[in-house]
Amino acid sequence: MATPADTTNEISYASDDEAERSALREGRRSTSPSERNVNQGGHGGITPLGQNGEILQKGAPYGSVEHEFYERVRAAKYPHFTPVVPASYTADEVRARLRGKLSAVQRNGLDDRQNIYIENITSALVDSKTLDTKIGKSTTSYRENLEQHDKGRWAAGTKALKFAIGVDPATGSTFRGWRAVGGTDAGKSRLITGMQSQKILSKFSEDPAVWDQLITKMQHIRTAAHNSDIGFIASSVFSVSGTREGKQVVDAKLIDFAHVIDAAQPFKQPLRVGPDGSPRLGPAELGPDTRSANRTDLTNLQNKYRRQFIEGMDALIEDVTRVRGEKRRSQRARFAAMNPAPGLAQQTTSPAPRDKSYVHPMNTQSSVLGR
C-alpha cells in the first residue's frame, strides 16, 4: 500500500457540526477510505498517522462527548463496548507506537487537548471494501443538542427540524432504521447515498463467507448495546473487508460518538470542586447518590435512543442476512452453470408438463404470511 500523503497541515475541527459544514463547503465526499485510508466516515479534520495510516488523528477537543467516551472505554468503564469500538490511544501512546514513523511536525502536533487517536481498521488492507452505515431512525435530537452541545434553542430546533422532516425521511432512516452514509460504493451526495442504501449494501461483497463474518460482527455490536444502558444518536457501524498478509479480513466497528447519552454518568457536566478541593467532572464523579439542582435527568432520552439504536441494528442485520441469502443463491447458480449435471445437455428444451396437483404456497392457509 502506498504511503499516505503528508496531511500534517490538515485542520482539526472543534466539533462534528463544524467538520460537516466544512466538508459541505469544500465539496468533499462523505467518506473516502480508498483515497485517504480512514475509517471515520463523514467528518473532516482526520489525519492518518504512520506509514500505512495505522492510527487516525481526529479533531475532538478535551471535554467533548466523543473525547470523553473514548477515555471511558480505555478506562474500562464501558466493558461491553471494548471489543466493538476501535482502540484509542493517548498522544504519548501514539508517539511510543509509531516512533520513527512520524515526522517531527507530526510528533510535536500530537495533542490530547484537541484530538483523539483511533485505530484504523483499514490499515494495510489490500483490495479493501468499506461501508459506513448510520444507525437509528432519528439521527439528531433537539434535547440532546441543548443538554450536551451548548446549542441555543433556535440552533437545536433548526437542526432537529431539518433532520425530522428532511434528511431522515428522504434517506430512508425514518422507515429503514439505518442508512448508508459512505464507503467504497457510495457517491458524493449523502442524500443520494442514503436513498440507495440497499443497493450500496448489496455491493459490499459477492462472497457469502464475508457476509457470514459480517453478520457475526454486527451481532456483537447489537449485543453490546443491548447489555448496556447507553443511548446512541448518529453513531455508525463501519464495515470493512479485504486481505492482509494474504489472509481475508472482515471487521465491523461502532464509531462516531459525538452524541452518546449516559444518564448515570452524564457527559459534559460542569466542573465542580471535590471534597479534597480538586476539580471534579459533574455530580457522577462525587458519588452515585449525589444530586444537583441543575443536573438534568436524561434517563428517558437515553432509553429512547438506546431502543432506536437496537431496533436499527436489528433492521441492518436483517437486511445483511437477506443479502447473504441472495449471494448464496447466486453462487449456487454460477456453480450449476459451470458444472451441469450429466446428461443435462442432451435434454430437450421443451418444457415439462405442468403438475396440476401443485398449489402455490401463497394460495394455502399454511403459508408463512397466512399463519
Which is polar (S, T, N, Q), surrounded by fewer than 18 Cβ atoms within 10 Å (Cβ to Cβ) and modelled with pLDDT of 95 or more, of Thr171, Thr90? Thr90
Report the residue count in segment 126-172 for those that are under 18 Å from the mean Cα position of the chain (by Cα) and under 30 Å from Val249 (Cβ atoms). 12
Determine, yes or no, whether Val126 is closer than 23 Å to Asp185 by Cα and surrounded by fewer than 16 Cβ atoms within 10 Å (Cβ to Cβ). yes
From the list Gly109, Gly157, pick out the single residue that is surrounded by fewer than 17 Cβ atoms within 10 Å (Cβ to Cβ) and small (Gly, Ala, Ser). Gly157
Name every residue in segment 75-124 that is under 22 Å from the mean Cα position of the chain (by Cα) and basic (Lys, Arg), in order of residue number. Lys77
Determine which single condition Glu144 fails, assuming it passes every other condition in (1) in contact with a Ser or Thr (Cβ under 6 Å, 6 or more places away or on another chain); (2) surrounded by 20 or more Cβ atoms within 10 Å (Cβ to Cβ); (3) not hydroxyl-bearing (Ser, Thr, Tyr). (1)
Ala258 versus (1) over 28 Å from Gly63 (Cα atoms); (2) buried (at least 17 other Cβ atoms within 10 Å of the Cβ): which is the lone unmet condition? (1)
Does Trp211 satisfy the condition of being within 15 Å of the chain's Cα centre (by Cα), closer than 19 Å to Leu131 by Cβ and surrounded by 18 or more Cβ atoms within 10 Å (Cβ to Cβ)? no
I'd like to check something: does segment 223-231 contain any residue that is at pLDDT 60 or above, assigned to a loop (DSSP other than H, G, I, E, B) and either open to solvent by less than 30 Å² (accessible area, probe 1.4 Å) or touching a strand residue (DSSP E or B) at 6+ places or on another chain (Cβ under 7 Å) (or both)? yes
Restricting to segment 300-336, give me the number of residues that are under 16 Å from Thr216 (Cβ atoms) and among the polar types (S, T, N, Q). 1
Can you say whether Ile121 is β-branched (Val, Ile, Thr), without any contact (Cβ under 8 Å) to a residue 24 or more places away in the chain and farther than 23 Å from Leu298 by Cα, as far as the supplied structure shows? no
Yes/no for Thr216 being at negative phi, surrounded by fewer than 16 Cβ atoms within 10 Å (Cβ to Cβ) and part of a strand (DSSP E or B): no
Taking the condition open to solvent by less than 70 Å² (accessible area, probe 1.4 Å), within 18 Å of Met313 (Cα to Cα) and either of a type outside the set (Asp, Glu) or in contact with an Asp or Glu (Cβ under 9 Å, 6 or more places away or on another chain) (or both), does Gly166 pass? no
Under 7 Å by Cβ, and 6 or more places apart or on different chains, what pairs join a residue from segment 155-175 that is polar (S, T, N, Q) with one that is outside any helix (DSSP H, G or I)? Thr171/Arg179; Ser173/Lys134; Ser173/Gly136; Ser173/Lys137; Ser173/Thr139; Ser173/Arg179; Thr174/Lys137
Looking at segment 112-123, which of its residues are under 21 Å from Phe267 (Cα atoms) and surrounded by fewer than 18 Cβ atoms within 10 Å (Cβ to Cβ)? Asp112, Arg113
Matching residues, segment 298-316, being over 22 Å from Ile200 (Cβ atoms) and not polar (S, T, N, Q): Leu298, Leu301, Lys304, Tyr305, Arg306, Arg307, Ile310
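The values are calculated or read from the model by the stated rules, or taken from the named source; none is laboratory data. None of these values were measured; they are calculated from a predicted model. Quick reminder, even Gly has a Cβ in these numbers, built from the backbone with ideal geometry, and neighbours come from all protein chains shown. Each accessible area value is taken on the protein alone, full model and side chains, heavy atoms only, with ligands, DNA and RNA left out. Shrake-Rupley method; radii C 1.70, N 1.55, O 1.52, S 1.80 Å.
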